[in-house]
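The values are calculated or read from the model by the stated rules, or taken from the named source; none is laboratory data. In this text, all values refer to a predicted model and were calculated from it rather than measured experimentally. Note that each Cβ is placed from the backbone with ideal geometry, even for glycine, and that neighbours are counted across all protein chains shown.
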Amino acid sequence: MNSVKKFDILRMFLSVLVALALSFLLIFVLSEEPVEAIKNLVIGPFSSRRNMGSVIESMIPLIFTGTGICIMFSANQINLSAEGAFQIGGLAASCVAIYFTADILSPLAALLLAGLIGALFSVVPAILKITTSASEMVSSLMINYVALYFGTYMLNNIIADPRASSASYELCPASELPVLVSGTRIHLGLIVALLVAVFGYFFLYKTKTGYELRLTGVNEAFARYSGVNIVKVIVSSQLIGGFIAGLGGGVEMLSPIYTRFNWTTLTGYGWDAIIISTLAKNNPLYVPFAALFLAYLRTGASIMARRTDVTLDIVQITQGIIIILVVAEQFLSRYRHKLIAREAKAALSGEEVA
Amino acid sequence: MLQMNHIMKIYGNGVVANEDVSLELRRGEIHALLGENGAGKSTLMKVLFGIEMPDQGEILLKGAPVTIRSPQNAISLGIGMVHQHFMLVPSLTVAENIILGVTPKKGLFIDRDKALSAAEGIAREYNFDIDVRQRVEEIPVGIKQKVEILKALYRGAEILILDEPTAVLTPQETDELFVQLVQLKKKGHTIIFISHKLDEIKKICDRATIMRNGRSMGTYEVADITTQEMSKLMVGREVSLQFEKNACRLSDQVLLRVRNLTVHNSQGVLKIDDISFDVKGGEILGIAGVEGNGQTELVDALTGLNKKYRGEISVKGKDIRPLSIAQIRDLSLAHIPEDRMASGCAGNLSIRENLFSNQYRSPEFSGKQFLKMKAIERRSDELIQEYKIKCSSRRQNVAMLSGGNIQKVIVAREFSTDPDIIIANQPTRGIDVGAAEFIRQRLLAFRDAGCAVILVSADLTEIFSLSDRLAVMYKGKFAGFFTDVANVSEEELGQHMLGIKKAEVLEGVVYE
C-alpha cells in the first residue's frame, strides 16, 4: 500500500501544479505582459525583506482558522462558522483593547475574550443540530452574516470614533503584539499560531477527546456503538474549533497591521481555512505548510496586481481548481487503480515464491 | 453457451477478489458456483452482470467475445440476476415491479391492462402461482424471490444468476424454489446457482464449479463427486463442523434478564412482541430465525443502542435503561455487531485505532486526558498476534483487510476486555472457514469460563453446534424454544422459523 499512499501525496502536488499551470495559461490569455506578471507572481514574494515578511504575516490568521476547521472537520462536523468566529473574535479583542489599557493584561484579556466569544459563536450551529437536527453546514453559513452585521453595528454605533470614518477608537498601545523581526510586521502572533497548530495535532491524535472526535468523524455509528458520547463530541469539537478561530481574529486585530477595528466585510480567512484543511488532510501539523503556500500565492498575486495588469482574482481561480482536483476522487483514479492492481499482483506472486 | 476465462478482479482497496477464475456454462443446465464466503463467487457474478469490470480475462457469449459494461448491457445480452437482497419497490404491485423499466405505455401513461396481462402471462408461462395484483410489501420472502425471477425472465434472460437464493428461505420455501428451477431448466434456461450449501447442490445441480480464495478449483459433474470431496476442494482441508463441546456448567447468577420486552421501530411497526428470557453464566443461548423477525431490534435493545423499548432489561441485576452505552459496556458486556462495516469498525482508521475503541477510557490506556500510546501499541501488537490478524502493520487501515480479518479485529477488540456477557450477532457471517472456526472456539471458551453468550445467527449449523438453549424468533416472538438442542431436527426448526409451528408454552426460557 505504500506506493499508493505516496501516490496520494503526489496527486496533491500534481493538483496544485495543474492549477498553477491553468492560472498561468489564463494570465497568458488575459495579460498584455504575461511574462512580467508570472515573474511577479512567482518571484515577487522573495523580492524584498518586506515582501517576505508579508508572506509570513499573512500566514498567521490562516493557521488559526485552518486549525479550527481541521478540528471541526475531523469530527465530520461541516461547520463553516470559522469565518464569523474570526470576525467576532477580532471585534471582541478590539473592544477590550480600546477600553482596557493595562500593560500585558490588556492583550491577554483581549485574546481570551476573543477565543471565548468565538467558541460560543461556533457552538450555536452545534446546538441547533443537537436540538433540532438542523444541518450545521447551512446554519453556520448563515450565522456568519450575523457576526458581520453585529460587527458593523458595533462599529457604527458603540465603538465608532467620530473623528475617523468607519473605524473604531484606537486600540491602546499596550495591547499591540510586539514585532519579532525588524523591518517586517511579523509579530508574536506567529508563535501563538504555531503553538495552536501543535496543540491541535496533540489534541486530535494524542488525547481521549481527540480520539473520540476522529472516531465519530470516520464512522458515527461505530463511535456510538463503542460508547462514545456523540453529543459531547459535536459540542466540544465546535467549541474548540470556534475558540481557535476566534483567537485568530483577536491576534490579527492586535497585530501591528491594525490600529483600529474597521472590518466591514468578512475577511475570507474562514473560507481559506477550507482549502487549508483540504491540503493538510485535516491534520493540524500540516496546516502551517498549507498556510505558507497559500500566503505565498496571495502575496505574489498582490504584488502582481500592483505591478501589472492582472488582477488579484486570478488566485481565487487557482484556489478553486486546487480544491476541485484534490477533492475529486476520480482524478487519476484509473492510474491509482492500476497501481493498486500491480501491488496486489506483486503480493500474489510473492506469496507463491514464499 | 458462456465462457469466462481467467478473470481477475482487484477492488479499489487492493483486495484481490478473483485471481484467476474460469467458468464454462452449457445451455439448459443448473450450474453450481460453490465456495466459502469470500471465495469470490459474488464478485465473479458481478463481473458477469456488468456491475464490476474485470482487470484481466475475457468473456465469450455463444463463442463471441463480449464486453459487459453495465447491468443494462448484461440484460440485453440475455443475462439476468437475482440478488441476495431483493431489488423490488415495496409500495408497487407485483405486476408493476415486473414491468418496471420495460413498461408498456399508452401515450404518456402506463398501459395498466397491458402491464397486468403481460405480468400474468409470464407468470402463467412459467407456472408461477402468484397474484400479480398484490403489493410487494405484503408478500412473504419466498414470493418476493419468485417476483425477482419473473422480473429477469420478463426481460428475456436466458442465463439466470441466483446469488445464494436459499439464504433467506425456510426449508419448505427452498423445496418450492427447487421445483421451479427444474422447470426453468426444462424450458432451456441456464441457471447459475451460487451457494455454499452442499446438500442443496447435490439435490438440483448438474455441474459445479468450485472456488477457493479467488481461484477456480475445477468443474465437476455433481453426480460424480461426493459432498466430502466438494467440501475438501472448497475449504482446502477436512473440516469438522462438530465441535468438541464440554458439558454446560451453569453458574447460579442470571447475568442477563429480560422481561416483557416490546419494541416498535421508528415507523411504529411492532418488531418485538413481549419477550422474556434469562441467560446465566456458562451457557450459550442461540437465537435462530429468518432475518428481519426482530433479531436486530433485540440486540439493539440489549446493548443500549435503542432505548425506546417497553419492559425491562437488566444486566448483572442492574436495569440498563438509565445507563449510557459506555456504562453498559463497563458492566463487562461485549457486542459483536451484525454489520461489521456499518457499526463494527472505522474503516479509514488504522487497526490500532480500531482495537481499543471500547477501552480507551480504562486507566490502562489513558490518563486524565492523554492516551498512553505505548501501552496501546504494545496491546495492539499482542492482539494482532493472538488473533492472527493478517496485515502489513498495526498502522494499516482496517478497510484494506479482508472480511475475515476485519471480523478478527472486531472480535479481538470485544474479547480483549475479558467480558462476562457476549452478544454476538452473526459473528461469522461472510468470513472464511478458518476465521469462523477460530471465533466459534473462542465463544465456546468464554462459555466454559463462565461467560453468558447470546448468539444470533442465520447459520443453522453454527446455531446447532454452539447453543445450549435455542430460541426461534418469528414476527417478534419466540415461536419455539428448546433446552435440548441435540434432539431438534432442521425440519422442526424450519417449521418454527416459518411460523407454521408455534410453541404455546415456552419451557425453560426464564429461570424462576
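Looking across the stretch A:215-224, the residues that are at the interface with another protein chain (Cβ under 7 Å from one of its Cβ atoms) and either of a type in the set (G, A, S) or surrounded by fewer than 23 Cβ atoms within 10 Å (Cβ to Cβ) (or both) come down to A:V218, A:A221, A:R224. Screening A:M59, A:M72 for residues that are touching a Pro at 6+ places or on another chain (Cβ under 8 Å) and not basic (K, R) leaves exactly one candidate, A:M59. Considering (1) crowded, with 17+ Cβ neighbours inside 10 Å; (2) more than 26 Å from B:K185 (Cβ to Cβ); (3) over 28 Å from the mean Cα position of the chain (by Cα), the lone condition that B:I99 does not fulfil carries the number (2). When the test is whether a residue is buried (at least 17 other Cβ atoms within 10 Å of the Cβ), within 14 Å of another protein chain (Cβ to nearest Cβ) and within 23 Å of the chain's Cα centre (by Cα), A:I240 passes it.
Residues to consider are A:L41, A:L62, A:L14, A:L25; find the one that is of a type outside the set (K, R), surrounded by fewer than 16 Cβ atoms within 10 Å (Cβ to Cβ) and either in contact with a Ser or Thr (Cβ under 9 Å, 6 or more places away or on another chain) or within 30 Å of A:V198 (Cβ to Cβ) (or both). None of the others qualify; the one that does is A:L14.
Checking each residue in the stretch B:333-386 for being in a helix (DSSP H, G or I), in contact with a Ser or Thr (Cβ under 7 Å, 6 or more places away or on another chain) and more than 16 Å from A:K208 (Cβ to Cβ) picks out B:I351, B:L383.
The set of residues in the stretch B:469-490 that are outside any strand (DSSP E or B) and either crowded, with 21+ Cβ neighbours inside 10 Å or free of Cβ contacts under 8 Å to residues at least 60 places away in the same chain (or both) comprises B:G476, B:T483, B:D484, B:A486, B:N487, B:V488, B:S489.
For residues that are of a type outside the set (D, E, K, R), within 14 Å of chain A (Cβ to nearest Cβ) and in contact with a strand residue (DSSP E or B) (Cβ under 8 Å, 6 or more places away or on another chain), tally how many sit in the stretch B:1-51.
From the stretch B:1-51, those of a type outside the set (D, E, K, R) are B:1-8, B:10-18, B:21-23, B:25, B:28, B:30-35, B:37-40, B:42-45, B:47-51; that's our starting set.
The next check asks that each one be within 14 Å of chain A (Cβ to nearest Cβ); those that pass are B:6-8, B:10-18, B:21, B:40, B:43.
Now narrow it down to the ones that are in contact with a strand residue (DSSP E or B) (Cβ under 8 Å, 6 or more places away or on another chain): B:6-8, B:10-11, B:16-18, B:21, B:40, B:43.
Qualifying residue count for the region: 11.
Looking across the stretch B:490-500, just one residue is modelled with pLDDT of 85 or more and over 21 Å from the mean Cα position of the chain (by Cα), and that is B:E492. Remark: pairs (first residue in the stretch B:395-420, surrounded by fewer than 20 Cβ atoms within 10 Å (Cβ to Cβ); second residue in a helix (DSSP H, G or I); Cβ separation under 7 Å; 6+ apart in sequence or on different chains) = B:R395/B:R352; B:Q396/B:I351; B:S416/B:L383.
Of all residues in the stretch A:181-198, count the ones that are among the hydrophobic types (A, V, I, L, M, F, W, C) and either within 12 Å of another protein chain (Cβ to nearest Cβ) or more than 22 Å from the chain's Cα centre (by Cα) (or both). Explain how you work it out, then say what you get.
Residues of the stretch A:181-198 that are among the hydrophobic types (A, V, I, L, M, F, W, C), as a first pass: A:181, A:186, A:188, A:190-198.
Still in the list and also either within 12 Å of another protein chain (Cβ to nearest Cβ) or more than 22 Å from the chain's Cα centre (by Cα) (or both): A:181.
The qualifying residues number 1.
Determine which member of the set B:I439, B:I410 is among the aliphatic types (A, V, I, L, M), in a helix (DSSP H, G or I) and touching a Gly at 6+ places or on another chain (Cβ under 7 Å). Quick ask: steps written out before the conclusion?
On the way: B:I439 fails: touching a Gly at 6+ places or on another chain (Cβ under 7 Å).
Criteria check complete, one pass: B:I410.
In this structure, B:P54 qualifies as crowded, with 20+ Cβ neighbours inside 10 Å, touching a residue at least 40 places away in the same chain (Cβ under 8 Å) and either in a loop (DSSP other than H, G, I, E, B) or more than 14 Å from chain A (Cβ to nearest Cβ) (or both). A single entry from B:T209, B:T174 fulfils the requirement of being among the hydroxyl-bearing types (S, T, Y) and not in a helix (DSSP H, G or I): B:T209.
Among the residues of the stretch A:171-193, the ones that are buried (at least 17 other Cβ atoms within 10 Å of the Cβ), of a type outside the set (V, I, T) and not in a loop (DSSP other than H, G, I, E, B) come to 5 in all. Set side by side, the residues B:V141, B:V94 differ, and just one is within 28 Å of B:V290 (Cα to Cα) and either buried (at least 19 other Cβ atoms within 10 Å of the Cβ) or not assigned by TED's automatic domain parsing to the domain that holds B:Q183 (or both), which is B:V94.
Counting just the residues of the stretch B:303-314 that are crowded, with 16+ Cβ neighbours inside 10 Å and touching a strand residue (DSSP E or B) at 6+ places or on another chain (Cβ under 6 Å), which one comes out farthest from B:K475 (Cα to Cα)? Let's see the steps before the verdict.
Our first condition is that a residue be crowded, with 16+ Cβ neighbours inside 10 Å; within the stretch B:303-314, this holds for B:303-306, B:309, B:311, B:313-314.
Those still in the list that are touching a strand residue (DSSP E or B) at 6+ places or on another chain (Cβ under 6 Å) too: B:303, B:309, B:311, B:313-314.
Working: B:T303: 21, B:Y309: 16, B:G311: 18, B:I313: 20, B:S314: 23 Å.
Among those residues, the one meeting the criterion is B:S314.
Among the residues making up the stretch B:41-57, those that are more than 22 Å from B:G28 (Cα to Cα) and of a type in the set (D, E, K, R) are B:E52, B:D55.
Considered as a group, the residues in the stretch A:202-230 that are part of a helix (DSSP H, G or I) and of a type in the set (A, V, I, L, M) include one that is nearest to the chain's Cα centre (by Cα), and that residue is A:L204.
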